[in-house]
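Engineer: Before I ask anything, let me first share the structure, which is written out below as structure tokens.
The values are calculated or read from the model by the stated rules, or taken from the named source; none is laboratory data. Note that the structure is a prediction, hence the values are computed from the model and not measured. Positions of Cβ are backbone-derived with ideal geometry, glycine not excepted, and every protein chain shown enters the neighbour counts. Heads up: the accessible areas ignore ligands, DNA and RNA and are worked out on the full protein's heavy atoms, side chains in. Shrake-Rupley method; radii C 1.70, N 1.55, O 1.52, S 1.80 Å.
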Amino acid sequence: MIARSYSAARGAVLFREVWSRLSKAGAIFGTPIDATQPVATPRGLDATQRASVSAALGDAILALQAQNVAPDAPLGEVQLIEAGGTRHAIGGGDEIEGVLNKTASRPLTAGRYAPVQGTSYLQIVTLGDGATRAEGFLTYSQSTDARSPHANDQLPLWSQLTTRELPTMP
């Protein structure tokens, strides 16, 4: 996951609010995306869009202030899931933010983003020296039935980005 989308990331909330406004402004980059240079493009600000960027930043700060959210609040203080009386900080974001760990949330309401969909299964596999190691977790846990002992059992793993070792075949 890109560092700006970790639950501890400061500035992620402001970035999301600014970017959601800028994405509606049209082309803002001086050099548009070029499929032959995917790492180097898009880049730079189109000088004609400076007013749009300033307005988006100002509007985002006002929107956060109206909901008592500090512009530098860690993402996990704003984007969280409450389960069993415990708040679980959740990282990730939407594709438009350039985030690799999908977490779509409802718009900021009462100072909170409520995650509604996203990555459901995360697995990391390491291959090397004849050994395979796999680890991962289910973001929505093993059961969505609140009566199940497995309801929310893996939510703390997701919140803390901690994985469990998974079985592998030799």
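Engineer: Please determine, in degrees from 0 to 90 and to the nearest 10, the orientation of helix 12-22 with respect to the longest principal axis defined by the Cα atoms of the chain, where the helix direction is its Cα long axis.
Structural biologist: Between the helix axis and the principal axis of the chain, the angle is about 50 degrees.
Engineer: If you line up the long axis of helix 50-66 against the longest principal axis of the chain, both from Cα atoms, how many degrees apart are they, to the nearest 10?
Structural biologist: 50 degrees
Engineer: Using a 10 angstrom cutoff on alpha carbons, build the Gaussian network for the chain and name the most mobile of Arg147, Arg87, Arg106.
Structural biologist: Arg147
Engineer: While we're looking at this one, here's another question. Pick from Gly91, Gly128, Gly44 the residue whose mean-square fluctuation is largest in a GNM of the chain, springs joining Cα atoms under 10 Å.
Structural biologist: The residue that fluctuates most here is Gly128.
Engineer: Next question, about the same structure. Of Ala114, Ala104, Ala134, which is farthest on the positive side of the dipole of region 92-145, counting Cα position, with +1 on Lys and Arg Cβ, -1 on Asp and Glu Cβ, and the Cα centre as origin?
Structural biologist: Ala114
Engineer: Provide the net charge surrounding Arg4, with neighbours chosen by a C-beta distance below 10 Å and charges set as Lys +1, Arg +1, Asp -1, Glu -1.
Structural biologist: That sum, taken over residues with Cβ under 10 Å, equals +1.
Engineer: Using the Karplus curve 6.51 cos²θ - 1.76 cosθ + 1.60 with θ = phi - 60°, work out ³J(HN,Hα) for each residue of region 104-109 in order, rounded to whole Hz, and write x for Gly and Pro.
Structural biologist: Once θ is set to phi - 60°, the couplings for region 104-109 become 8, 10, 5, x, 3, 9 Hz.
Engineer: Could you point to the label whose value was computed as percent of Cα pairs over 27 Å apart for the structure here, given (1) 30; (2) 54; (3) 38?
Structural biologist: Here the calculated entry is (3).
Engineer: Between Ala146, Ala35, Ala51, which gets the highest mean-square fluctuation from a Gaussian network model of the chain, Cα cutoff 10 Å?
Structural biologist: So, out of Ala146, Ala35, Ala51, the one fluctuating most is Ala35.
Engineer: In addition: Per residue, how many Å² of accessible area does region 78-170 show with a 1.4 Å probe?
Structural biologist: 61 Å²
Engineer: Rounded, prolate or oblate for region 47-126? Axes are the square roots of the Cα gyration tensor eigenvalues, ordered a ≥ b ≥ c, and the cut-off for rounded is a/c under 1.5.
Structural biologist: It is oblate, given that a/c is not under 1.5 and a/b is not larger than b/c.
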